[in-house]
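Novice: Provided herewith is a single structure, encoded as structure tokens, for subsequent inquiry.
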Amino acid sequence: MKKNDGSQRDDGLQLNEPNPFLLQELCTRLKQESGLEFSPWTAQDAPSRLTVLQSDGVDKDIRILLRFNSEEGEVELASLVPEGIVPGKLVSRLVSALGRAIYAELQREAKQFAPTWTWEKLLGVAVEQQWDEAFFEQKATEYALPMLPLGFPVLIRCQNWRSEIPMVIENLLPQHDVFWVYRQELFLFVRAETSETRTDKIDELLVWGKSLIQQIHNMLADELGILASVYVGSPCDGLWQGYKEVHQLVKLQTRFFPGEAGLVAWKLGLAGLLGEISPTAIQHYRQEMLKERLSPELIETLETYFAHDLSISETARALFIHRNTLLYRLDRVTEFTGYNPREFAAAVQLYLAVWLQRHDQKA
Amino acid sequence: MAGLTFKNVVKKYDQNVVVHDFNLEIKDKEFLVLVGPSGCGKTTTLRMIAGLEEITSGELYIGDRLVNDVAPKDRDIAMVFQSYALYPHMSVYENMAFGLKLRKIPKAEIERRVREAAHILDIEHLLERKPKALSGGQRQRVALGRAIVREPQVFLMDEPLSNLDAKLRVQMRAEISKLRHRLQTTVVYVTHDQTEAMTMGDRIVVMKDGYIHQVDTPMNLYNHPKNMFVAGFIGSPSMNFLKVKLVEEKGRLWLVNPAFHLPSIEERREALTPYVNKEIIFGIRPEAIYDDAAFLEANPDWVVDVHVDVLEPMGAEHYVYFSLNEENVIARLDATSQAKVLQRHKVAFDMNMARYFDMETQEVIHRPGYQTAY
């Protein structure tokens, strides 16, 4: 039936082998033409296959083997012949020739009606069948999909769905190369406004990429009253990698920034690092650092102190307290935690713990 | 046109309360400004009006209609944001008309509204242009136009001027104020910029940590702040706060601090008496500190000798920085001031303008002459 070199995937596409649907159709049409029942040559047939090949198409079990090479690979069918009939070499060759002609006709028809492959369609199959990046790239090359320019992968998730959403986004970002609506999510690959990748242009590019969050979020809110979260991946020219990245951003937002309108991949800060660590480990760290005894007032004091670059006078001013009150509170922090926030190394540890206390929804 | 009413509105994200028991009545055609530092809940409040955030508890009315469960598109509001995104491939006319087309408004009506809004905003000559051919100010006008054509009951503006440069911001501030008088519509405007709030709002809501700290007219907020936060937030540079002990000597009340000994004016005696021999916060605005000879001579009791740390000439005035008992103080002195950096200098605090705050509650102790706006 088909060559199986062990690298075949169960993806249903069969790009390097004869299309199974075509083989079935071939069997049907052969039956119409010859009156014989054909079926694809299967692995179980292997022992007798050797025999067949040796006898040039006719085996001892009086089977006809139809065998020829097509563009997609080797086509092999077998048919038992009616009892009492012994097919000779000529019959076998005639049936093979008939099969080859029918198969060529089927291929022409398939090409004529085959849908054109697009990035969107490929993404759809890849997501459903959970491909990896290498396989996605391989398929993209096989389908001769156009190269993508430098751009941003963007994922838009809406609280409610309305049919006008794609239209608004298409008009807002007409420079998209990929536009895929999937289960009330919109995934786009938006061409960067400049293809310059010089260092001095990268910053400009990132500012524009970041502005996509507000542009999309605000436009959907204003135009349709839809609340959307927008995730923008790093500038790239690889679609699958970008698709995976924006979905990772969804997880990070849920965990660390639930109130935000969206996230960009290059501004994650601590969240990017800590997202890799299990919530349990983080919870242990936070508890070890802050204990349960650090009051909200002391937490707020620490946050303000860090926000004012460890400046006593600025922090006291921001909290509307006397500097001595602030010093007293910082001493209390040292007493409770064992870490003195006025020492750099300890301040770093406390900063991390306070940051986690504020941001990590899972801890 | 319609007013808005918040009744005990609360917004929570999980267990985190971001807006606490919000009660407010916004009058029809009022220009109300929500102001406060980042994270105070002002944008969340605006988004609750828009229906982009669900209300956890409480009631919100637009006019007489309870809108808690009304979809955003049915609330009859229009929003203007900080980032004024426009459709790049559409002309200004098409940009303004697009929202109306989505709402299935008849073509002739769309034409009328767009022309009228363009006239109001003075952008009729730009209608055929694409956004790329517009300046920042013109784009912001188009964004306003997109809101105006909706003819909404309420305009919601979320820091619409933040993206503009300083000069354009001042210009657009005046434009929006003018516009609201022409449109005669209720406006709820969010900003973190107290100057914008002071210059544009009929009333201002000062928020912090999800709480309303004061709702008042701009001048009442400046002259009669309810607490230290409002006093410090409104006014630039902000009010100076100094910890003092209140003592009674020779029949007068005095504010005592290792760096000075200042008398309180007689009119405050009654309000301050319960605080005698206690520590309180003395608040004085930078513009209530003088160094001209006539003022110092007329008020010798109010004079303090200070060491000038920094002097910033601003053109029309000088900002002079000094410390009193390790607390930084800023004075906004006349440009003719003779103050010199790193030298001693005499200044006088105008004690008529002094404000006093409770150490514990941080609430103002007395607000003489205060009259509520509504």
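Novice: Residues of the stretch B:133-154 with the amide nitrogen closer than 19 Å to a label point 7 Å from the Cα of B:Thr195, along Cα-to-Cβ, please.
Specialist: B:137
Novice: Output the peptides B:231-239, B:262-270 sorted from most to least packed, where packing is the average of other Cβ atoms within 10 Å over each peptide's residues.
Specialist: Order by mean packing, descending: B:231-239, B:262-270.
Novice: Report D for the stretch B:248-374 in µm² per second (integer): Stokes-Einstein, Kirkwood Rh on Cα pairs, 4 °C, 1.567 mPa s.
Specialist: Numbers: Rh = 15.7 Å.
In µm²/s, the coefficient rounds to 82.
Novice: Quick check on packing: order B:288-295, A:234-241, B:132-139 by the mean number of other C-beta atoms within 10 Å, highest mean leading.
Specialist: Numbers: B:288-295: 16.8, A:234-241: 18.4, B:132-139: 14.0.
Averaged packing, sorted descending, gives the order A:234-241, B:288-295, B:132-139.
Novice: What percent do you get for the relative contact order of the stretch B:37-193 when only Cα pairs under 8 Å and 6+ apart count?
Specialist: The normalised contact order for the stretch B:37-193 reaches 29 percent.
Novice: Using alpha carbons only, what's the Rg to Rh ratio of the stretch B:1-154 with Rh from Kirkwood?
Specialist: 1.02
Novice: Under the rule of -39500 (n - 2.57) per DSSP H run of 4 or more residues, summed and divided by the residues of the protein assembly as shown, what mean residue ellipticity at 222 nm is obtained, to the nearest 500 deg cm²/dmol?
Specialist: The helix contribution divided over the protein assembly as shown gives -12000 deg cm²/dmol.
Novice: Using only Cα atoms, what is the ratio of the radius of gyration of the stretch A:246-312 to 2.2 N^0.38 Å? Let's see the in-between values first.
Specialist: Working: Rg = 14.5 Å, N = 67, 2.2 N^0.38 = 10.9 Å.
In units of the 2.2 N^0.38 Å rule of thumb, it is 1.33.
Novice: Tell me the label-point distance for the pair A:Gln32, B:Thr336, using the 7 Å Cα-to-Cβ offset, in nm and rounded to one decimal.
Specialist: 10.8 nm
Novice: Distance from a point 7 Å along Cα→Cβ of B:Ser57 to each backbone N in the stretch B:3-33: keep the residues under 16 Å and list them by number.
Specialist: Under cut-off, by backbone N: B:7-23.
Novice: What average number of partner chain Cβ atoms lie no more than 10 Å from the Cβ of the residues making up B:47-54? If you can, show how the numbers build up before the last one.
Specialist: Working: counts 2, 0, 0, 4, 3, 10, 3, 2.
Per residue, the average neighbour count from other chains is 3.
Novice: Once the Cβ-Cβ distance between A:Ile277 and A:Arg93 is put in as r, and R0 is 60 Å, what FRET efficiency do you end up with, to the nearest 0.05?
Specialist: That pair, A:Ile277 with A:Arg93, gives E of 0.30.
Novice: So what is the relative contact order for chain B, in percent, with contacts set as C-alpha pairs under 8 Å and at least six apart?
Specialist: 15 percent
Novice: Right, something else. Relative to the Cα centre, what is the charge dipole magnitude of the stretch A:240-299, using +1 at the beta carbon of each Lys and Arg, -1 at the beta carbon of each Asp and Glu, and rounding to the nearest 20 debye?
Specialist: 80 debye
Novice: What does the highest-first list of A:146-152, B:113-119 look like by mean Cβ count within 10 Å?
Specialist: Most protected by this proxy first, the peptides run B:113-119, A:146-152.
Novice: Something else about it: With a 10 Å Cβ neighbour count serving as the proxy for reagent exposure, in which order, fewest first, do B:His125, B:His318 appear?
Specialist: So the ranking, lowest neighbour count to highest, is B:His125, B:His318.
Novice: Where a Cα-Cα gap under 30 Å defines reach, which lysines qualify for A:Lys244, not counting those fewer than 8 residues away within the same chain?
Specialist: Within reach: A:Lys121, A:Lys139, A:Lys201, A:Lys210, A:Lys267, A:Lys362.
Novice: Tell me, Kirkwood radius of the stretch A:277-359 from alpha-carbon pair distances, in Å?
Specialist: By the Kirkwood definition, the hydrodynamic radius is 12.8 Å.
Novice: Right, here's the next one. How many nm is it between the label spots at B:Met353 and A:Glu109, if each spot is 7 Å from the Cα in line with the beta carbon?
Specialist: According to this spin-label approximation, the distance is 9.3 nm.
Novice: On average, how many beta carbons from a partner chain sit within 10 Å of the beta carbon of a residue in B:79-85? Mind dumping the intermediate values first?
Specialist: Working: counts 5, 2, 7, 2, 9, 5, 13.
Per residue, the number of nearby Cβ atoms from other chains is 6 on average.
Novice: Would you tally the net charge around B:Lys250, using a Cβ to Cβ cut-off of less than 14 Å, leaving B:Lys250 out, and scoring K and R as +1, D and E as -1? Numbers along the way, then the final one.
Specialist: On the way: positive: B:Arg252, B:Arg269; negative: B:Glu248, B:Glu249, B:Glu266, B:Asp301.
Value of the local net charge: -2.
Novice: Could you state the principal axis extents of the C-alpha atoms in the stretch A:89-139, from the largest down, to the nearest angstrom?
Specialist: 49, 23, 16
Novice: Separate question: How long is the gain from B:Glu279 to B:Glu266 if the chain were fully straight, where each residue apart is worth 0.36 nm and the alpha carbon distance is subtracted?
Specialist: Full extension from B:Glu279 to B:Glu266 adds 2.8 nm.
Novice: Next question. Jot down the per residue volume, in cubic angstrom and as a whole number, of the convex hull over the alpha-carbon atoms of chain B.
Specialist: Output value, Cα hull per residue: 171 Å³.
Novice: If you don't mind, there's one more thing I want to ask. Under a point-charge model restricted to the Cβ atoms of Lys and Arg (+1) and Asp and Glu (-1), what is the dipole moment magnitude of the stretch B:150-193 relative to its Cα centre, in debye to the nearest 20? Before the final figure, lay out each step's value.
Specialist: Working: 7 positive and 6 negative charges, 47 e Å.
Dipole magnitude for the stretch B:150-193 comes out near 220 debye.
Novice: How big is the shadow of the Cα convex hull of the stretch B:273-345, averaged over all directions, in nm²? Don't skip to the end; give the middle numbers.
Specialist: Values: hull surface 23.2 nm².
That works out to 5.8 nm², a quarter of the Cα hull's surface.
Novice: Of all trypsin sites (Lys or Arg not before Pro) in the stretch A:212-315, which ones are in loop regions per DSSP and have a Cβ with at most 14 other Cβ atoms within 10 Å? Intermediate values should be presented prior to the final figure.
Specialist: Values: sites: A:Lys244, A:Lys251, A:Arg255, A:Lys267, A:Arg286, A:Lys291, A:Arg293; in loops: A:Lys267, A:Lys291, A:Arg293.
In loop regions of the stretch A:212-315 (DSSP not H, G, I, E or B), the sparsely surrounded trypsin sites (Lys or Arg not before Pro) are A:Lys267, A:Lys291, A:Arg293.
Novice: Which whole-number percent of Cα pairs in the stretch B:226-323 have a distance greater than 20 Å? Mind dumping the intermediate values first?
Specialist: Numbers: 2219 of 4753 pairs.
Counting pairs separated by more than 20 Å, the tail of P(r) holds 47 percent.
Novice: Could you list the residues of the stretch B:282-296 with an amide nitrogen less than 16 Å from a label point located 7 Å from the Cα of A:Asn324 in the Cα-to-C-beta direction?
Specialist: B:282
Novice: What relative contact order, as a whole-number percentage, does the stretch A:147-273 give when Cα pairs under 8 Å and 6 or more residues apart are counted?
Specialist: 32 percent
Novice: Kirkwood hydrodynamic radius for the protein assembly as shown: how many Å is it when counted over pairs of different Cα atoms?
Specialist: 31.8 Å
Novice: For chain B, with a Gaussian network of springs between Cα atoms less than 10 Å apart, report the residue from B:Leu324, B:Leu342, B:Leu60 with the top mean-square fluctuation.
Specialist: Top of the fluctuation ranking is B:Leu342.
Novice: Mind checking the mean number of beta-carbon atoms from other chains within 10 Å of the Cβ atoms in A:222-232? Intermediate results must be reported in sequence, preceding the final value.
Specialist: Numbers: counts 16, 9, 5, 10, 4, 7, 1, 0, 0, 0, 0.
Shielding by partners across A:222-232 averages 5.
Novice: Turning to a different aspect of this structure: Just the number: Rg to Rh for the stretch A:315-357, Cα atoms, Kirkwood Rh, two decimals.
Specialist: 1.00
Novice: Find, among the GluC sites (Glu not before Pro) in the stretch B:1-89, those assigned to loop by DSSP (not H, G, I, E, B) with at most 15 other beta-carbon atoms within 10 angstrom. Display every interim value, and only then the final one.
Specialist: Working: sites: B:Glu25, B:Glu30, B:Glu53, B:Glu54, B:Glu59; in loops: B:Glu30, B:Glu53, B:Glu54.
For GluC sites (Glu not before Pro) across the stretch B:1-89 that sit outside H, G, I, E and B with at most 15 neighbouring Cβ atoms in 10 Å, the list reads B:Glu54.
Novice: Taking R0 as 30 Å, what FRET efficiency do you get between A:Ala144 and A:Ser234 from their Cβ-Cβ distance, rounded to the nearest 0.05? Intermediate results must be reported in sequence, preceding the final value.
Specialist: Working: r = 26 Å, r/R0 = 0.87.
Step by step, r from the Cβ atoms, then E = 0.70.
Novice: If you wrap a convex hull around the C-alpha atoms of the stretch A:147-273 and split its volume per residue, what is the figure in Å³?
Specialist: 103 Å³
Novice: Please order A:Val232, B:Val256 by the number of other Cβ within 10 Å, starting at the fewest.
Specialist: Going from sparsest to densest Cβ surroundings: B:Val256, A:Val232.
No value in this document is a laboratory result; all are computed from the given coordinates. Worth saying up front: this structure is predicted, and the values here are computed from it rather than measured. All Cβ positions, even for glycine, are placed from backbone atoms using ideal geometry, and neighbour counts span all protein chains on display.
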